[in-house]
Amino acid sequence: MYKISLITGDGIGQELSESITDILHSISDKIGLKLEINIVEAGDGTLKKTGKALPDSALDIIRRSDACLKAPVGECAADVIVFLRRALDLYANIRPSKSYPGMTSLKENIDLVIVRENTEDLYTGMEFEVGNSAVALRTISEYASKRIAKYACITAGQRNKQKKVTCVHKSNVMRKTDGLFARSCYQVAKNFPDIVFENMYVDACAMNLIRQPESFDVIVTTNLFGDILSDEAAQVAGGLGMAPAANIGDDFALFEPVHGAAFDIAGKQAANPSSFILSAKMMFEWLGMKHDDAMSLLVARKIEEAVYGVVSEGIKTKDIGGNKTTREFTQHIISKLI
Ligand code: ATP
């Protein structure tokens, strides 16, 4: 049995959590992969109620679980997810973008993964006001850069597609920080002779993701660039509503949609839960590999087939051209799944 902690979040996080809870119960009751779901409250609502966006009790539940599913949180994202990534040393942020039949995407054969360094860069929160100016410190270390480069090279090998890693940075301008990142990635890639390693400046990458997204396999990049490029890649492949992500460390992992709390559509049953459902698929894949558990790997495959089976039959939420509510879409996934 796996203990899954579930952060229900804010905005559409509530609807997405309802959807994922129904799906997890179906998996546990009907497919037989036993799951215990522990609800964790964190986010803007929790801040209002308790004075803390992520109370200590929430962190305890997460630490005691086998993996965490996190719905989007609102304005206090930095106090929840940025904090958790650092506190649990979830150093690799994995964001796949894939085009599927039935989805509107810029090109038909997109299948790429962004491997984003998750603990450093401008996201460490070291910002200061100096007179009428403000200063932010950007930290890039050889240790973290090499660790993420190794993860990217292993991922490219396991995917067995183009076996290519594109290292994205801006070392021509940020010579010290991005210079160190690019150099570290190059040194690590030398240990993977089967992997084709290339460098690309971030502005060129932003352009090429639109011009020829199918040319990418694995992109490895720093925290801020990875955050921005993965939203772009998600949109290119089919929209934010279809975009899952994983935050992975050596012992623990947390899975969440790429997008935020989308307050503009919250409470209207208009959210596409696929982003969260595909994040759960990544979770079962990770649990399956970690525990050598064929059942969990099977569930991961079934979830992906269910999502893309449903979508290719034209059953879609509004964001991807359909008319199904979050709840209706979820019920179709469940009937395909079991
Ligand atoms: P953040 O800065 O936290 O990423 P944001 O406010 O910039 O959040 P998102 O919440 O990520 O933006 O989403 C941008 C827009 O995309 C939303 O306003 C919403 O219209 C749409 N969107 C995002 N996720 C979904 C979803 N799961 N289903 C349908 N539409 C979505």
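General remarks:
- When residues of region 292-334 are limited to those that are away from the ligand (no atom under 16 Å from the Cβ) and open to solvent by 80 Å² or more (accessible area, probe 1.4 Å), the one nearest to ILE248 (Cα to Cα): ASP292
- LYS281 being among the charged types (D, E, K, R), within 16 Å of the ligand (Cβ to nearest atom) and open to solvent by 10 Å² or more (accessible area, probe 1.4 Å): yes
- Just one of (1) modelled with pLDDT of 95 or more; (2) under 20 Å from LEU84 (Cβ atoms) fails for LEU297. It is (2).
- Residue selection: SER184 fails the criterion of being among the small types (Gly, Ala, Ser), outside any strand (DSSP E or B), touching a Leu at 6+ places or on another chain (Cβ under 9 Å) and at pLDDT 95 or above.
- Matching residues in region 249-263 - criterion: being surrounded by 20 or more Cβ atoms within 10 Å (Cβ to Cβ) and either more than 8 Å from the ligand (Cβ to nearest atom) or among the aliphatic types (A, V, I, L, M) (or both): ALA253, LEU254, PHE255, GLU256, VAL258, ALA261, ALA262
- Across region 264-278, the qualifying residues are those that are more than 6 Å from the ligand (Cβ to nearest atom) and of a type in the set (A, V, I, L, M, F, W, C), and the one among them that is farthest from HIS332 (Cα to Cα) is ALA266.
- Residue satisfying all of: in region 27-48; crowded, with 17+ Cβ neighbours inside 10 Å and polar (S, T, N, Q); farthest from SER275 (Cα to Cα) among these: THR46
- Residues in region 49-65 that are over 22 Å from the mean Cα position of the chain (by Cα) and among the polar types (S, T, N, Q) were compared, and the one that is surrounded by the fewest Cβ atoms within 10 Å (Cβ to Cβ) is SER57.
- Cβ-Cβ distances below 6 Å connect the following pairs, each with a first residue in region 282-308 that is in the same structural domain as LEU33 (by TED's automatic domain parsing) and closer than 12 Å to LEU33 by Cβ, a second residue that is aliphatic (A, V, I, L, M) and open to solvent by 40 Å² or more (accessible area, probe 1.4 Å), and a separation of six or more residues or different chains: GLY288/LEU297.
- Filter pass, LEU287 being open to solvent by 30 Å² or more (accessible area, probe 1.4 Å), modelled with pLDDT of 95 or more, away from the ligand (no atom under 11 Å from the Cβ) and part of a helix (DSSP H, G or I): no
- Qualifying residue in region 326-338 (condition: farther than 25 Å from VAL168 by Cβ, modelled with pLDDT under 95 and in a loop (DSSP other than H, G, I, E, B)): yes
- Any hit, region 210-223, residues being free of Cβ contacts under 8 Å to residues at least 60 places away in the same chain and surrounded by fewer than 24 Cβ atoms within 10 Å (Cβ to Cβ): yes
- Where LEU69 falls short, out of the listed (1) touching a Leu at 6+ places or on another chain (Cβ under 9 Å); (2) in the same structural domain as ARG175 (by TED's automatic domain parsing); (3) part of a strand (DSSP E or B): (2)
The values are calculated or read from the model by the stated rules, or taken from the named source; none is laboratory data. Everything quoted here is computed from the prediction, not taken from an experiment. In this analysis, Cβ positions are derived from the backbone assuming ideal geometry, glycine residues included, and neighbour counts consider all displayed protein chains. When the accessible area is computed, the model is the full protein with side chains, heavy atoms only, and any ligands, DNA or RNA have been set aside. Shrake-Rupley method; radii C 1.70, N 1.55, O 1.52, S 1.80 Å.
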